[in-house]
Amino acid sequence: MELPEFSPGLSARVELTVTDADTAQALGSGDVPVLGTPRVLALAEAATVAATARQLPGGVTTVGVRAEVEHRAPTPVGHRVTALATLAKVDGRKLLFDVVVRDGEELVAEVRVERVLLDRQRFIAKALGD
């Protein structure tokens with residue numbers, strides 16, 4: 001498998017308008033009607049996937065292997081949040097991203113996501129027990 005070359009600074013942004021389905025109540029991560037931490041993590045991961053998507057050759061993918069979430073502020077239903085993922089470090093097949101999630105100017109969360117480059121077909125075959 002030939003690995004693509006990624007450089008620190010690579011970035012991508014994704015947005016989400018918070019709905020009832022995104023709340024801690026709906027996700028089972030709490031009993032309050034605000035953006036749930038699992039959805040914050042999913043949004044952060046989506047931004048990291050978007051950052052690498054254009055440069056991945058066929059047959060190569062990334063999978064998340066580690067994440068650290070610091071959820072700092074509540075976001076009510078109807079607000080729009082933006083996640084900006086920036087590639088901070090490349091270590092062989094490991095890609096370490098810093099993600100900042102904001103509601104306008106307010107810092108909602110900081111997330112560190114580690115992804116690993118791998119052969120997509122081999123990974124799926126292993127997952128299916130082939």
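Each reported figure results from applying straightforward, stated rules to the coordinates on display, with no laboratory input. All figures in this text were calculated on a predicted structure; none of them were measured in a lab. Because the Cβ atoms are built from the backbone with ideal geometry, glycine has one as well, and the counts that use them run over all protein chains shown.
Side notes on the structure shown:
- Members of the range 107-130 found to be outside any helix (DSSP H, G or I) and over 18 Å from the mean Cα position of the chain (by Cα), listed by number: ASP119, LEU128, GLY129, ASP130
- From the options THR82, THR61, residue that is under 21 Å from ALA127 (Cβ atoms), assigned to a strand (DSSP E or B) and touching a residue at least 60 places away in the same chain (Cβ under 8 Å): THR61
- Members of the range 105-130 found to be surrounded by fewer than 16 Cβ atoms within 10 Å (Cβ to Cβ) and either free of Cβ contacts under 8 Å to residues at least 12 places away in the same chain or in contact with a helix residue (DSSP H, G or I) (Cβ under 7 Å, 6 or more places away or on another chain) (or both), listed by number: GLU105, ARG122, ILE124, ALA125, LYS126, ALA127, LEU128, GLY129, ASP130
- Condition met for THR23 (within 17 Å of the chain's Cα centre (by Cα), surrounded by 13 or more Cβ atoms within 10 Å (Cβ to Cβ) and either in contact (Cβ under 8 Å) with a residue 24 or more places away in the chain or under 13 Å from VAL101 (Cβ atoms) (or both)): no
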